[in-house]
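> A single structure is presented below for examination.
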Amino acid sequence: MQKYPNIFIFDHPLIKHKVSILRDKNTGMKEFRELIEEITTMMTYESMRDVELVPVEVETPLEKTVQWRIPEESVAIVPILRAGLGMVNGVHRVFPTARVGHIGMYRDEKTLQPCEYYCKLPDGIEDKTVFLVDPMLATGGSACDALTALKKRGAKHIKFMAIIAAPEGIEAVAKMHPDVPVYVSTLDRELNAHGYILPGLGDAGDRLFGTK
């Protein structure tokens, strides 16, 4: 999606390998959950490339030296409930002290439009780098509404991460929130008439938590 400068599609052989297993309908819940975390961790490394660093003095066994660290409490993870919960540990592997907020969104099965039912964010959200996470970017409705909700509550530095995306969702987020970097591991072909991504991987929430 080169026409959208805020969209970053990963093209890494290891991620492709793991996504192929993630898609398989025979992949069980435990392995599916582990794969979501592993892919998220790999994506987080790249998406944190421009996170702010501050100088700190460190004493090695040989001498004192000035090094660089990400400030404590400067990162927040906000999963879109419920499937986004599966990506939280993947980010925490990279930055374990990140605070976690939650946004609850559900999709009206008739209109396919998102509805917000819950939002609780860490204090000082306006000063944090916020990682909004959801495994699937389908129509883009939930992602766009969640990004709007974060901005209304003061968030200024937001990054959105999804594992599988449809072109329709990419376009919706890119147009409505051109200031937000969007990181996607895999761009799929299209949405079907019910708003599901093809070829996709089914319902990520159901596969993560063993529900139907």
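The values are calculated or read from the model by the stated rules, or taken from the named source; none is laboratory data. On a predicted model such as this, the values are computed, not experimentally measured, just so you know. So basically every Cβ, Gly included, is an ideal-geometry build from the backbone, and we count neighbours across all protein chains shown.
> Select, from Met105, Met136, the only residue that is of a type in the set (A, V, I, L, M, F, W, C), farther than 18 Å from Tyr45 by Cα, within 15 Å of the chain's Cα centre (by Cα) and modelled with pLDDT under 95. Reasoning before the result, please.
Numbers: Met136 fails: modelled with pLDDT under 95.
One residue alone meets the criteria, Met105.
> Answer yes or no: is there a residue in region 69-84 that is in contact (Cβ under 8 Å) with a residue 12 or more places away in the chain, of a type in the set (Val, Ile, Thr), touching a His at 6+ places or on another chain (Cβ under 8 Å) and outside any helix (DSSP H, G or I).
yes
> Among the listed residues Ile170, Ile164, which satisfies the condition of being within 14 Å of Ile197 (Cα to Cα), under 17 Å from the mean Cα position of the chain (by Cα) and outside any strand (DSSP E or B)?
Ile170
> Collect the residues in region 61-82 that are surrounded by 11 or more Cβ atoms within 10 Å (Cβ to Cβ) and of a type in the set (Val, Ile, Thr), keeping them in residue-number order.
Ile70, Val75, Ile77, Val78, Ile80
> Tyr45 - would you say it is assigned to a helix (DSSP H, G or I), among the aromatic types (Phe, Trp, Tyr), at pLDDT below 95 and out of contact with any Leu (no Cβ under 7 Å at 6 or more places or on another chain)? Give the steps one after another, and end with the answer.
Details: assigned to a helix (DSSP H, G or I): yes; among the aromatic types (Phe, Trp, Tyr): yes; at pLDDT below 95: yes; out of contact with any Leu (no Cβ under 7 Å at 6 or more places or on another chain): yes.
Here the answer is yes, as Tyr45 does meet what is asked.
> Going through region 32-60 one residue at a time, which ones are over 15 Å from Phe131 (Cβ atoms), surrounded by 10 or more Cβ atoms within 10 Å (Cβ to Cβ) and in contact (Cβ under 8 Å) with a residue 12 or more places away in the chain?
Within region 32-60, Phe32, Arg33, Leu35, Glu38, Leu53, Val54, Val56 qualify.
> Check Met87 against each of (1) within 19 Å of Phe160 (Cα to Cα); (2) surrounded by fewer than 18 Cβ atoms within 10 Å (Cβ to Cβ) and name the one condition it does not meet.
Here Met87 clears every test but (2).
> Applying the selection to region 22-31, what residues are surrounded by fewer than 16 Cβ atoms within 10 Å (Cβ to Cβ) and either free of Cβ contacts under 8 Å to residues at least 24 places away in the same chain or outside any helix (DSSP H, G or I) (or both)?
Listed by number, the residues that qualify are Asp24, Lys25, Asn26, Gly28, Lys30, Glu31.
> What is the one condition in (1) among the hydrophobic types (A, V, I, L, M, F, W, C); (2) assigned to a loop (DSSP other than H, G, I, E, B); (3) touching a Leu at 6+ places or on another chain (Cβ under 8 Å) that Ala193 does not satisfy?
That leaves (3) as the condition not met.
> Then there is this: Scan region 141-161 and give yes if some residue there is crowded, with 20+ Cβ neighbours inside 10 Å and polar (S, T, N, Q), otherwise no.
Scanning region 141-161, I find at least one residue that is crowded, with 20+ Cβ neighbours inside 10 Å and polar (S, T, N, Q), so the answer is yes.
> Return the residues of region 9-20 that are part of a helix (DSSP H, G or I) and surrounded by fewer than 16 Cβ atoms within 10 Å (Cβ to Cβ); say none if nothing qualifies.
Here is the first cut: in region 9-20, the ones part of a helix (DSSP H, G or I) are 13-20.
Of everything in region 9-20, those that are part of a helix (DSSP H, G or I) and surrounded by fewer than 16 Cβ atoms within 10 Å (Cβ to Cβ) turn out to be Pro13, Leu14, Lys16, His17, Ser20.
> Conditions: (1) surrounded by fewer than 23 Cβ atoms within 10 Å (Cβ to Cβ); (2) over 23 Å from Glu38 (Cα atoms); (3) of a type outside the set (Asp, Glu). Val173 meets all but one. Number of the miss?
(1)
> To continue, here is another question. Could you list all residues from region 102-135 that are part of a strand (DSSP E or B), within 24 Å of Arg207 (Cα to Cα) and touching a residue at least 60 places away in the same chain (Cβ under 8 Å)?
Listed by number, the residues that qualify are Arg107, Phe131, Val133.
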